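Take a look at the structure set out below.
The values are calculated or read from the model by the stated rules, or taken from the named source; none is laboratory data. Source: prediction; values computed, not measured. So basically every Cβ, Gly included, is an ideal-geometry build from the backbone, and we count neighbours across all protein chains shown.
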Amino acid sequence: MMIVMKTTATEGEVQSVIDRVARAGARPHLIRGEERAVIGAIGDAEHVAGLELESVPGVEQVMPISKPYKLASTQFRHDAGPTVFEIAGRKIGGPHFAMIAGPCTVESREQLLSTAHTVASAGATMLRGGAYKPRTSPYAFQGLGQEGLRLLAEAKAQTGLPIVTEIMDARDLEPLLEVADVLQIGARNMQNYTLLAEVGRSGCPALLKRGLSSTLEELLMAAEYILKEGNQRVILCERGIRTFETAYRFTLDISAIPVLKEMTHLPVIVDPSHAPGRRSLVPALSLAAAAAGADGIIVEVHPTPDEAICDAAQQLPADDFAGYMERVLMAAAVAGKSLSPVPSPAAV
């Protein structure tokens, strides 16, 4: 249920509705638009309907939310438009484009710091890098763990770039929160509902990747697990799905971008590295994603890709990143998006 308040509603009237919803056993979620407040009531629809909120002072309209993904739905935002939020001063969503770049995994101090300074000097929005890595083989490199987090913290201190890194186990949440500005939830964990709820309760921004064989509705239902815990800063990521095609690793679903824009108010970004598994295809997929209206790109960059411990074939050479980023931003401009200004060190 969504309660749309009048433009003239007072703070007291808004709070009164929130209190009524809570007393009915539902969970109120307040959204403030430019002109009015909207209150989402998540819970037993019959109990909320029984409150007869239409007659309450300050209420303009009460509307049902028909989608199963209540908080992620565009219906929940009503006329407030797409969600825009900040991560360490960098905006994402709406007209703001995010460029998240860095190595697949943290391998060494020299490798990470070199990459971090390269992408920062080119104007990247955030630094990505895995301290913990999910691998198909249990014998493959699983990441540096705590040492990787220490190196990410050092890279953040030197460059000022916010850190995006993956969480695989809720037991690692506390040390990750000391370093991460965004917790990435990988495709394999998209439906790890216990982990999603923990990330939701943490309050840390989340980057949720679409599962390998998941529908868009399943992706949004997974996002709902984070949103319902009160964490509204969720970024959705299309990273390729399994199809019958064997010419590349996964099929990047470009159509998911405009479709998700119809379904949800949340920012939608694209990972062009994991879908093809080949760096030669990464630029073309990045341009397509940006032109299709994606809110950002998360791409793998390495100083010497052929020597990378994992995903060597898909990582872009750091020396080529500045030119790559310039072309992607030109494509994003076609869709009406531009890079969010990087705040000064004093403002971070």
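In region 257-316, what residues are within 21 Å of Leu207 (Cα to Cα), acidic (Asp, Glu) and touching a helix residue (DSSP H, G or I) at 6+ places or on another chain (Cβ under 8 Å)?
Glu262, Glu300
Given (1) in contact (Cβ under 8 Å) with a residue 12 or more places away in the chain; (2) over 18 Å from the mean Cα position of the chain (by Cα), identify the lone condition not met by Ser55.
Failed condition: (1).
Yes or no: Tyr193 without any contact (Cβ under 8 Å) to a residue 40 or more places away in the chain, aromatic (Phe, Trp, Tyr) and touching a Leu at 6+ places or on another chain (Cβ under 7 Å)?
Values: without any contact (Cβ under 8 Å) to a residue 40 or more places away in the chain: yes; aromatic (Phe, Trp, Tyr): yes; touching a Leu at 6+ places or on another chain (Cβ under 7 Å): no.
Judged against the criteria, Tyr193 is not a match.
List every residue pair whose Cβ atoms sit under 6 Å apart, with the two residues 6 or more apart in sequence or on different chains, where the first one lies in region 284-302 and is over 16 Å from Ala333 (Cα atoms) and the second, anywhere, is in a strand (DSSP E or B) and among the basic types (Lys, Arg).
Ile298/Arg128
Hey, does region 337-344 have a residue that's polar (S, T, N, Q) and touching a Pro at 6+ places or on another chain (Cβ under 7 Å)? Talk me through it step by step, then tell me what you get.
Start the filter on region 337-344 by keeping residues that are polar (S, T, N, Q), which leaves 338, 340, 344.
Still in the running and touching a Pro at 6+ places or on another chain (Cβ under 7 Å): 338.
Yes: region 337-344 contains one or more residues that are polar (S, T, N, Q) and touching a Pro at 6+ places or on another chain (Cβ under 7 Å).
Taking region 230-277 on its own, how many of its residues are of a type in the set (Gly, Ala, Ser) and under 16 Å from Ala187 (Cβ atoms)?
Taking region 230-277 as the starting set, the residues that turn out to be of a type in the set (Gly, Ala, Ser) are 230, 240, 247, 255-256, 273, 275, 277.
Next cut, under 16 Å from Ala187 (Cβ atoms) only: 240, 256, 273, 275, 277.
Qualifying residue count, region 230-277: 5.
Testing Glu262 on (1) surrounded by fewer than 24 Cβ atoms within 10 Å (Cβ to Cβ); (2) under 30 Å from Ile65 (Cα atoms); (3) in contact with a Pro (Cβ under 7 Å, 6 or more places away or on another chain), one condition comes back false. Which one is that?
Answer for Glu262: the failing condition is (3).
Looking at Glu217, Glu174, can you tell me which residue is of a type in the set (Asp, Glu) and under 23 Å from Ile297 (Cα atoms)? Please lay out each step first, then the result.
Numbers: Glu174 fails: under 23 Å from Ile297 (Cα atoms).
Every option except Glu217 fails the conditions.
How many of the residues in region 301-347 are closer than 24 Å to Phe85 by Cβ, modelled with pLDDT of 95 or more and either outside the structural domain of Pro272 (by TED's automatic domain parsing) or among the hydroxyl-bearing types (Ser, Thr, Tyr) (or both)?
1
Which fully enclosed helices (runs of 4 or more DSSP H) of region 1-105 have 3 or more residues being outside the structural domain of Pro305 (by TED's automatic domain parsing) and within 22 Å of Ala223 (Cα to Cα)?
Values: elements: 11-23, 45-49, 74-77.
Answer list for region 1-105: 74-77.
Do we have Ala289 as part of a helix (DSSP H, G or I) and surrounded by fewer than 18 Cβ atoms within 10 Å (Cβ to Cβ) here? Working first, answer last.
Values: part of a helix (DSSP H, G or I): yes; surrounded by fewer than 18 Cβ atoms within 10 Å (Cβ to Cβ): no.
For Ala289, the condition - part of a helix (DSSP H, G or I) and surrounded by fewer than 18 Cβ atoms within 10 Å (Cβ to Cβ) - is not met.
Hey, does region 210-220 have a residue that's surrounded by fewer than 22 Cβ atoms within 10 Å (Cβ to Cβ) and among the basic types (Lys, Arg)? First the steps, then the outcome.
Taking region 210-220 first, the residues surrounded by fewer than 22 Cβ atoms within 10 Å (Cβ to Cβ) are 211-218.
Still in the list and also among the basic types (Lys, Arg): none.
No, there is no match, as no residue in region 210-220 is surrounded by fewer than 22 Cβ atoms within 10 Å (Cβ to Cβ) and among the basic types (Lys, Arg).
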